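No lab work stands behind these numbers, since they all come straight from the coordinates. The model shown is predicted, which means the values in this text are computed figures rather than measured ones. Glycine also receives a Cβ, built like all others from the backbone with ideal geometry; neighbour counts cover every protein chain displayed.
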Amino acid sequence: MGINEIVLSVARKLHTSSTYHKIKHFVHDIFTNEKNVYKKYFDLTIIFLIFTSIFILVYEVKYPVPYWMDFYDIYIVSVIFGLEYLLRLWVHNDLSEMVIESYHDAQFLGKPFSAVAPLKKGLLQKLQFMVTPSAIIDLLAIFPTYRPLRLFRVLKLLRYAKSINQFVDVLSNKRFELLTLLLLLVFIVFTSGIAIYVLEEKVNPNINSVFDAFYWALVTISTVGFGDISPVTVEGRSISMMIIVSGIAMISFATSVIVSAFSEKLGEVKEQRVIEKINKNDAFLIICGYGQMAKMFLRKENLRDDEYIILEKDIEKVEAGRREGYTIIQEDASRTEVLKRFNTTHAKVTVLCLIADDIENIYITLTAKSISHKIKVITRANDSSMVKKLKHAGADHILMPTEVVNNMIHIAITQPTMYKALHAVLTGKDVAQIYEIHVGMHHTLIGMSIDALDFIDYKLLFIGIHRNGTFLFNPPKDTILEPHDIMLVIGRKISVEYFQKMHREIG
Amino acid sequence: MGTKKILLFGYGKHGRPIAKGLKEDGYRVRVVEENFEGYEHALKDGFYAVHIDISDDDSLRELDLQEYDQVVCVMDDEHYNVFLTLSLTALFPDLYIVAISDSIHVTEKLRLAGAKRVIDMYEVSANRIYNILHRPVATELLKEFVASKEGISFMEMEIPEGSFLHGKMSDEINFAHYDVLLVGLVDFERHQGFEFVTAGHQHCLDAGDIIVCMGEVENLRIFKKLISKKEL
């Protein structure tokens, strides 16, 4: 059996093994997927190792360290970092798949299969990964025996400092300007360094080499001016004056480039932050449109900052919302990529379409439902003809403000007393509200009859049971409670809470 | 209650369904419209309608406002509602005016203008959303309770003179026996406000008190007739 066959059979075995894929996927997920639940713990562990290692490094400068510390630093931390490095390298690409693919291609073309080409390609990709800055830092951070190298462990933190990544991102947008600046800097340092070397090497005792000259030029142009080397001749001083002036110009240019890069990107960066923060929650609201209804709703709800986000297209409304202190970003909720930025796979997301334009609400509903059916959509409809369309689009709840208010007015006219009761129940005033008591799978209430529950003692009014989609109003006293029943009661919050404390889920 | 007279200003997106609902419930509705199109619609739908310029106090005076139990301002333009409320209260300070509003600011203005009850379209809708999020089942049912003319609903009823309920304590009567639930009541002996039974107070029921009950509409109707009897 030749080397080609061995490689092929190994690749096949790996490629068909589901455990191999599962493990690889899991590792890859932990390294790269921000939404992975375990990533947080993995990151924290690595950060902990880095800090302890740095602590030992600093401590070592002045005091002798005990043996176990050294052992920990040299072996444990290094081994874990080494493992991490190898795993990162491993999951970077899939060699087995490349081999299999190339084998299939070879078969298709009817030419002899050689494992060299795909392996070469795959290994080259791994090599490309190895020369990326973060991979180099990871590699250098493994080796602890040469002390200064441990400083790279500090740099490893960069991977976890999101702000620095964003900083680099922002700056990379101004690559062209910064590169131009750098070239100019190199040019000036080079020419003035050479000039000072030629002019003063013989007369200035502080300039002994070309390196000294370049060092002086950079210190001067940056306006730092340590003063350890200073020109002594008239010619040298004239050159100094020139580079000082050009230095000021260059620094102000660099500053303006960086500032403008940030001011351009600041909004985006902020937005990203907000979305990341909200994505950490396991349930949140996406409110589309900041109008009268959204305002009323927010006033009523008193949500925490990370429980909701408002998406609004109109920049003026966005500004108004910001002034009120709400979490609001300027985005078009009907675009798929906007909604996809949210953690819709793991979190319980509810989309509220509160835009005055029905067509947009329909579009958002469709967008949300096409991303995931798990997204709950509550939408407003202004025209009764839209209700059917919204239902078709998959909206979970549809409400028509005009219909709701017309009903309320009707009740306010025909039954003013009841209006008060209903208003209290609907708006959740302190007096009493309707509450749902959910009976779970293992609830102490299961098997109990209504008669045995002393609602009157709890100062609750029992209305009925919602069971299997139907509502049993005022059921007979001997009705036995079953799992998944929802009891409806009217009463004050404290009564309901007390009731639920006495009767609750077991386990 | 069936002979109450309502004066309805506005026959647009709100006025039309409200007028129809009130008519079904046996109210006598008179529609006032400034917009000629709305006025024609009202006529076509069989309402006793007038077409006037609401900015003209004289034509408002001619409407015989005191004859009506309630005045409802549901014109499509919120500014008109505020203006109208103001004009009406200036002419007749004791009018019971119900008005619709579409923002907090308008609500505030309507209250200042003298409307007795202001219903904010977005507030009630926002509440509805809040309830959908927190109490989905109850909300769905409540919606049915409120909107439907059959099935389970609320009903308020005044205890008539000579009712068997008169003089009884509220917990003495087994309402469940009549397939209705007592939700709350207005006890004129205690105070004017509505109180839920769950507040835990004992009430002595008197003629004139208003009770709010919940149940099947049929049972509620039967119960309403029942309470006018002296004995059972």
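Which loop-located GluC sites (Glu not before Pro) does the range B:1-86 contain, where loop means any DSSP state but H, G, I, E or B and the Cβ has at most 13 other Cβ atoms within 10 Å? Intermediate results must be reported in sequence, preceding the final value.
Working: sites: B:Glu24, B:Glu33, B:Glu34, B:Glu37, B:Glu40, B:Glu62, B:Glu67, B:Glu78; in loops: B:Glu34, B:Glu62.
Qualifying residues, ordered by number: B:Glu62.
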(message) Which one, B:Ser170, A:Val405, B:Val71, is farthest towards the positive end of the dipole of the protein assembly as shown when Lys and Arg carry +1 and Asp and Glu -1 on their Cβ?
(response) A:Val405
(request) Could you work out the mean count of beta carbons from other protein chains within 10 Å of each residue's beta carbon in A:376-388? (result) 1
(request) Compute the acute angle (0 to 90°) between the alpha-carbon long axis of helix A:358-371 and the principal axis of greatest extent of the alpha-carbon atoms of chain A; round to the nearest 10°. (result) 70
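Of A:Lys300/A:Lys493; B:Lys5/B:Lys116; A:Lys420/B:Lys5; A:Lys126/A:Lys265; A:Lys40/A:Lys501, which pairs sit farther than 24 Å apart, going by alpha carbon to alpha carbon?
A:Lys126/A:Lys265; A:Lys40/A:Lys501
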(request) Determine the sum of side-chain charges near B:Gly38: Lys and Arg each +1, Asp and Glu each -1, restricted to other residues whose C-beta is under 9 angstrom from that of B:Gly38. (result) -4
(request) Grab the eigenvalues of the alpha-carbon gyration tensor for the protein assembly as shown, scale each by 5, take roots, and send me the semi-axes largest first in whole angstrom. (result) 73, 37, 26
(message) Give me the one-decimal nm value for the distance between modelled label points at A:Glu497 and A:Val224, 7 Å along each residue's Cα-to-Cβ direction.
(response) 6.1
(request) Evaluate E = 1/(1 + (r/R0)^6) for A:Leu124 and A:Asp29, where r is the Cβ-Cβ distance and R0 equals 22 Å; express this FRET efficiency to the nearest 0.05. (result) 0.30
(message) Using Cβ contacts closer than 10 Å as the measure, can you line up B:Val29, B:Val137, A:Val318 from fewest to most?
(response) B:Val137, A:Val318, B:Val29
(request) With everything on Cα atoms, drop me the angle between helix B:15-24 and the longest principal axis of chain B, reported from 0 to 90° to the nearest 10. (result) 40
(request) For the range B:39-89, just the Cα set please: Rg and Dmax, both in angstrom. (result) 11.5, 30
(request) Place +1 on the Cβ of every Lys and Arg and -1 on the Cβ of every Asp and Glu in the protein assembly as shown, take the dipole about the Cα centre, and give the residue among B:Asn131, B:Leu182, A:Leu218 whose Cα lies farthest towards its positive end. (result) A:Leu218
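Over all residues in A:394-406, what is the mean tally of Cβ atoms on other chains that come within 10 Å of each residue's Cβ?
Numbers: counts 0, 0, 2, 8, 0, 8, 2, 8, 7, 6, 13, 15, 14.
Average neighbour count from other chains, rounded to a whole number: 6.
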(message) Nearest 10 degrees is fine. How inclined is helix B:104-113 to the longest principal axis of chain B, computing both from alpha carbons?
(response) 90
(message) Counting other beta carbons within 10 Å of each residue's own, what order do B:His166, A:His104, A:His410 fall into, fewest first?
(response) A:His104, B:His166, A:His410
(message) Can you say what percent of the DSSP beta bridges in the protein assembly as shown, counting only those with both residues inside, are antiparallel? Round to 5.
(response) 45
(request) Could you check the simple spin-label distance between A:Asn302 and A:Leu157, using points 7 Å along Cα→Cβ, in nm with one decimal? (result) 4.0
(request) Determine, for A:Lys376, A:Lys13, A:Lys300, the number of other Cβ atoms within 10 Å of each Cβ, and report the residues in order from fewest to most. (result) A:Lys13, A:Lys300, A:Lys376
